[in-house]
1. Any idea what angle helix B:2-45 forms with the longest principal axis of chain B, computed on alpha-carbon atoms, 0 to 90 degrees, nearest 10?
2. For chain B, what does the relative contact order come out to in percent, with C-alpha contacts under 8 Å and a separation of six or more?
3. Normalised by the number of residues in the range B:31-172, what is the relative contact order in percent for Cα pairs under 8 Å and 6+ residues apart?
4. Give the angle, between 0 and 90 degrees and rounded to the nearest 10, that separates the Cα long axis of helix B:93-102 from the longest principal axis of the Cα atoms of chain B.
5. Over the range A:29-78, consider all pairs of different Cα atoms and compute the Kirkwood hydrodynamic radius from their mean reciprocal separation; express it in Å, one decimal.
6. Calculate how large, on average over all directions, the projected area of the Cα convex hull of the range B:181-284 is; give the answer in nm² to one decimal.
7. Any chance you could check the Cα centroid distance between the range B:235-254 and the range B:72-110 for me, in angstrom?
8. Output needed: percent of Cα pairs per 10 Å distance bin for the range A:72-129, bins running from 0 to the one holding the longest distance.
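Derivation of every value follows stated rules applied to the coordinates shown; laboratory data play no part. Quick caveat: nothing in here was measured; it's all calculated off a predicted structure.
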């Protein structure tokens, strides 16, 4: 009797446990994508300025700082259990965590190099560095860890 | 006095001899350098580097060891540096042409089409020769080839039949097609169809649906049928993608295409890039 009750209780609770975990993963994935979208926005904004299509050069440092803040958060975007659901992140992130954190490390280095170039205030230098930053961070990480989104 | 004159004329003669030697040697040197420079361009256009280098594990250039995961199993790429024992250093030019042009090894074995000779077989002889010269000028690396890890039903012995059927379905480019630079770049050297064209159950390209996308490889449809694809991009945006990996919407390229951009298309000359884009635009 006691056992049956326990089993019943378990059966009743288990789905909610499952559901709350799913809910958490879903929230994390949504947040992760939103951060990536924010990163993309700052990146594109800098690109507009350095290509001479937006006159206010002072804005660059604002976007560079924002990118710095967002990049400092990169590893916390991929907690265990956030590999399922509506995500385009590849399972290699969780299968080989040391390799992934090396990639995060390299991405941050690429950002620091870009930041130093942007501090020069020269549009041409910044533009060149922005391309290298795109390849050395966004490109580098997406190559191994991001799937093509389904349209 | 006479001795002096003889000395002068001997000097003059040796200068003349030296000069003519130099004159003869000069064009030979220049063509050798031209060949290597051309070979390097072919090497980049055909992206030999990315499959034959285990970049992810800091492998030596062209020493192989990169794992290609496919439904047929895991292929491990071989060493194609000029090391004579573990690489292809003891291959003759003829043997190299046979590998690229026929998918045959020096001992007469069939290669798996995970080595895209199905595209490279349409390269011109001259491009193959220059590529051979370039590869032979690279740094030799001693690194033995690990075996592939294939599914039980996959065997080299079946490849003869496969190649015969495939050659019938997907014949080599004609001389006319080779002369169309943009088409030659994407179909023979750049081998875009190897990922972007759907395949039949036997893994052969479906020519009727050239470049219409391969879902399993996540490679999108590059034809105007795909309205959310490059049909919607400007030529500048397409070039920016192929050079920097940047999508028009600000996202960055991922997966195998990131290798293509990193080791191949970003380095293409202006003319070749323009020819490729024109050729993609010409798809109905």
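1. Helix B:2-45 sits at roughly 0 degrees to that axis.
2. 16 percent
3. 28 percent
4. 20 degrees
5. Evaluated over the range A:29-78, this radius sits at 11.5 Å.
6. Taking a quarter of the hull surface, the average projection is 6.3 nm².
7. 35 Å
8. Histogram of Cα-Cα distances, whole percents per bin: 20, 37, 23, 18, 2.
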